[in-house]
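Enquirer: This structure is in structure tokens; I'll ask about it shortly.
The values are calculated or read from the model by the stated rules, or taken from the named source; none is laboratory data. Computed from a predicted model, the values in this text were never measured in an experiment. In this analysis, Cβ positions are derived from the backbone assuming ideal geometry, glycine residues included, and neighbour counts consider all displayed protein chains. Just so you know, the surface numbers come from the protein's heavy atoms only, side chains and all, with ligands and any DNA or RNA stripped out. Shrake-Rupley method; radii C 1.70, N 1.55, O 1.52, S 1.80 Å.
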Amino acid sequence: MHTRELIKKLLRLTKPYRSQLVVATVCMVLVSGLASAQAYMIKPLLDEIFVNKDRWLLNIFPLVLISVFLLKGVFNYFAVSMLDTVGQKIIRDIRTQIFVHVHSLPISFFHNTPTGELISRVINDATLIQTAVSRALIGVFKDMFQVFGLVGVVFYLNWKLALASFIFLPLSFIPVAHFSRKFRKLSTTNQQTVAQVTNLMHETITGHRIVKAFGMEQYEAKRFAETIDRLFRIIVKDIKMNSLQSPLMEFLGGIGITAVIWYGGHQVITGQSTPGIFFAFVTSMIMIYNPIKGVSNINSPVQQGLAAADRIFTLLETQPAIRDKQGATTLPPFREAIAFNNVTFSYDGKHPVLKNIDLRVRAGEVLALVGTSGGGKTSLVNLIPRFFDVDSGSITIDGHDLREVTQKSLREQIAIVSQQTILFNDTIKNNIAYGDPSRPMAEIIAAARAAHALDFINAFPDGFDTVIGESGARLSGGQQQRLSIARALLKNAPILILDEATSALDTESEREVQTALENLMQNRTTFVIAHRLSTIRNADRIIVIQEGRIVEEGKHETLLGKGGAYKMLHDMQFAA
Ligand SMILES: Nc1ncnc2c1ncn2[C@@H]1O[C@H](COP(=O)(O)OP(=O)(O)O)[C@@H](O)[C@H]1O
Ligand SMILES: [Mg+2]
């Protein structure tokens, strides 16, 4: 994105807080003005009080000086506190926007974007933008104005000396231009590495059991150390450049001051100027140094902020590939049939994983999907909640194309229990009532009972208020699965998808979960994918999927009798 475009977008973020920014700006301008006044006051102090011994001025002077300090302090307080508050408000807005936007993106987005990168957008990049906005505003409205004010004072005091010394001033800006491009490039690599660090943390902490089980602690530690080291080197580079910038400017500034002292001293000795003018002049010149440093230090944070803004806006402008169509209608309650009409689907637009699927599932039917791993079963059922769109053909529910109805009304009618249970680090109650926290306790208990989860829940001292740990870490696999089933029961959706809901469980918990599932399947249209053929024997219909095609279809006995693909899967199951 172009810098100008980025700035325009950043300005749009500040829009709701314009009035506060205006007040803060006015305060900063006043602070700058008062600072210039302080420098100028050296002149009467020396010439009138010290040299001319003016008593009246000596008595007035402290009053004026104290007032100036007081006012400057007050305005400074308002300027800084208001500015930083606005900065934090902008961060808050960006973070919320990113969160909402990320969750509006389709599943395929998450397959392609590492979690750490998204976390880094919300945590680090948002902070970088805030720093950039505050620094830029302070730099422009406080430091820049102060430079203007002091330059004005200097010229007013002694324009010849001013002109002479300002030949040196541009020298100190040379390093600024030089460093600016480098900072921006560094910032990008820096953020990429931070994202990698976050990713590694996230991956290894969620997978900590596997790391331990495979004894990969050292390997992961090494991988982490390497990434951290890369980050360290980038930061050190940044530190070095940053620390070089100031001394370089200071040295060049020092040359300027030396010239001023030599030429100014000469003017005082020859009577062309007074000591008051000279000291006020030197004071102003020294006071210019800090704001100039401030202005030049804008560069690094602003470059970093722009790079961060680029990443954030790119993310925010990622259009969800799956969106409600304009004028999408509400899907009426499911009554008749779900139909796949010559559906072809691929993840990448090139290699279809489902080919020419024709399938019609009546309401109330239990359809089992079987087939070797990678055949496309999960892909097929994931099309029903419209997690992905078909490449060609269509899927309809009671004749309504999925792309014509709102995602909300579609997904409301579908419950999913998959092999991978998704539980949140919250209470059992809230995990069951996920999606509808207002459900009465009685219904939650009923769902838990039907899911065969009530006994183990009540065995916890805190019962339904037990917090289950991240991803349900404090529960066994079977218990986690029964909570997912209770959640699906409570949702009470007419269409049910079971994707290998029992395959991660041992035989004992499988039996418990199986009975829970049978409760769940009652009066629902069910798509069930299962490893174990025993769990699908009772299905109304079985389809065998291989390499993206339906190769066989029928009832258990009929298919066995045929001696085809199903028979083979069946025999393999018994052999194993
Ligand atoms: N998110 C994805 N991106 C790309 N390819 C995928 C993705 N998910 C699955 N696949 C591929 O699609 C094919 C079907 O996978 P899947 O539907 O998971 O099979 P099954 O559930 O029958 O084991 C496989 O070849 C798999 O590699
Ligand atoms: Mg699968």
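Enquirer: Cα centroids of region 451-506 and region 79-114: how far apart, whole angstrom?
Expert: 32 Å
Enquirer: Could I ask something else about it? Counting only the heavy atoms of the protein chains, how much of GLU365 is accessible to a 1.4 Å probe, in Å² to the nearest 10?
Expert: The accessible area comes out at roughly 0 Å².
Enquirer: Turning to a different aspect of this structure: May I ask which of LYS355/LYS491; LYS185/LYS293; LYS9/LYS89 have a Cα-Cα span longer than 25 Å here?
Expert: Table pairs above 25 Å Cα-Cα are LYS355/LYS491.
Enquirer: Between ALA337 and SER246, what FRET efficiency follows from the Cβ-Cβ distance if R0 is 56 Å, with the result rounded to 0.05?
Expert: 0.15
Enquirer: If I take R0 = 25 Å and measure r between the Cβ atoms of THR258 and TRP159 in this structure, what FRET efficiency does the formula 1/(1 + (r/R0)^6) give, to the nearest 0.05?
Expert: E(calc), rounded to 0.05, equals 0.80.
Enquirer: For ILE444, what charge total do you get from the other residues with a beta carbon under 11 Å from its beta carbon, if Lys and Arg give +1 and Asp and Glu give -1?
Expert: My count for the surroundings of ILE444 gives +2.
Enquirer: Provide the net charge surrounding PHE460, with neighbours chosen by a C-beta distance below 12 Å and charges set as Lys +1, Arg +1, Asp -1, Glu -1. Don't skip to the answer; put the middle values down first.
Expert: Details: positive: LYS429, ARG474; negative: ASP455, ASP462, ASP465.
Within the 12 Å Cβ shell, the charges total -1.
Enquirer: Measuring with a 1.4 Å probe in the full set of protein chains, what accessible area per residue, in whole Å², belongs to region 337-575?
Expert: 45 Å²
Enquirer: Still on this structure, I have one more. How would region 1-139 be classified by its alpha-carbon gyration tensor: rounded, prolate or oblate, with rounded meaning a/c under 1.5 and the a/b versus b/c comparison settling the rest?
Expert: Taking the square roots of the gyration eigenvalues as a ≥ b ≥ c, region 1-139 is prolate.
Enquirer: Another question, if that's okay. Going toward the positive end of the dipole of region 3-316, with +1 on Lys and Arg Cβ and -1 on Asp and Glu Cβ, which of THR25, LEU46, ASN112 do you reach last?
Expert: ASN112
Enquirer: Then there is this: Can you give me the solvent accessible area of PHE69 with a 1.4 Å probe, rounded to the nearest 10 Å²?
Expert: 120 Å²
Enquirer: Per-residue HN-Hα couplings for region 400-416, Karplus 6.51 cos²θ - 1.76 cosθ + 1.60 at θ = phi - 60°, whole Hz, x for Gly and Pro?
Expert: Those phi angles translate into 8, 4, 4, 7, 9, 10, 6, 4, 4, 5, 5, 6, 4, 9, 10, 10, 10 Hz.
Enquirer: Would you mind working out the magnitude of the charge dipole of the chain relative to its Cα centre, with +1 at each Lys and Arg C-beta and -1 at each Asp and Glu C-beta, to the nearest 20 Debye?
Expert: Approximately 1660 debye in magnitude.
Enquirer: Ignoring ligands, DNA and RNA, what percent of the accessible area of the chain is carbon or sulfur (1.4 Å)? Write down the numbers at each step before the final one.
Expert: Values: 18080 of 29820 Å².
Carbon and sulfur together cover 61 percent of it.
Enquirer: Probe radius 1.4 Å, ligands and nucleic acids left out: which of ILE60, ILE239, ILE432 has the largest accessible area, and how do the rest follow?
Expert: ILE239, ILE60, ILE432
Enquirer: Full-extension gain between GLU48 and LEU11, please, as 0.36 nm times their residue separation minus the C-alpha to C-alpha distance.
Expert: Once the chain is fully extended between GLU48 and LEU11, it gains 8.4 nm.
Enquirer: How much of the DSSP beta bridge set in the chain is antiparallel, as a percent to the nearest 5?
Expert: 50 percent
Enquirer: Next question. Can you list which of the trypsin sites (Lys or Arg not before Pro) found in region 1-84 are DSSP loop residues with at most 12 other C-beta atoms within 10 Å?
Expert: Listed in order of number, the matching sites are LYS53.
Enquirer: While we're here: How much length is gained if the chain between MET568 and VAL236 is pulled fully straight, taking 0.36 nm per residue apart and subtracting their Cα-Cα distance, in nm to one decimal?
Expert: Answer, rounded to one decimal: 113.3 nm.
Enquirer: Can you find, among LEU483, GLN522, ALA451, the residue farthest towards the positive end of the dipole of region 433-525? Put +1 on the C-beta of Lys and Arg, -1 on that of Asp and Glu.
Expert: Positive-end residue among those listed: GLN522.
Enquirer: Let me ask another. Using Cα pairs under 8 angstrom and six or more residues apart, how large is the relative contact order of region 3-316, in percent?
Expert: Relative contact order of region 3-316: 35 percent.
Enquirer: A further question on this structure: Which sequence of TYR289, TYR17, TYR219 reflects their accessible areas, 1.4 Å probe, from the largest down? Please report the intermediate quantities before stating the final value.
Expert: Values: TYR289 55, TYR17 25, TYR219 120 Å².
Descending order: TYR219, TYR289, TYR17.
Enquirer: Hey, can you find the accessible area per residue of region 3-316 for me, probe 1.4 Å, expressed in square angstrom?
Expert: I get 55 Å² per residue for region 3-316.
Enquirer: Here is a follow-up. With no solvent and one equal point scatterer per Cα, compute the Debye intensity ratio I(q)/I(0) for region 392-511 at 0.17, 0.22 Å⁻¹ and report its log10, rounded to two decimals.
Expert: The Cα Debye sum returns log10 ratios of -0.84, -1.25.
Enquirer: Which value in deg cm²/dmol, rounded to the nearest 500, describes the helix-derived mean residue ellipticity at 222 nm for the chain, given -39,500 (n - 2.57) per DSSP H run of n ≥ 4 and division by the residue count?
Expert: Only helices count here, giving -19500 deg cm²/dmol.
Enquirer: Please list HIS2, HIS178 from largest to smallest accessible area, probe radius 1.4 Å, with all protein chains kept in place.
Expert: Result of the area sort, largest leading: HIS2, HIS178.
Enquirer: Let me ask something additional. Keeping all protein chains in position, work out how much accessible area PHE148 exposes to a 1.4 Å probe, and write it in Å² to the nearest 10.
Expert: PHE148 has an accessible surface of roughly 140 Å² with all protein chains in place.
Enquirer: Please give the Cα centre distance for region 352-371 versus region 257-274, rounded to the nearest Å.
Expert: Using only Cα atoms to place each centre, the spacing works out to 94 Å.
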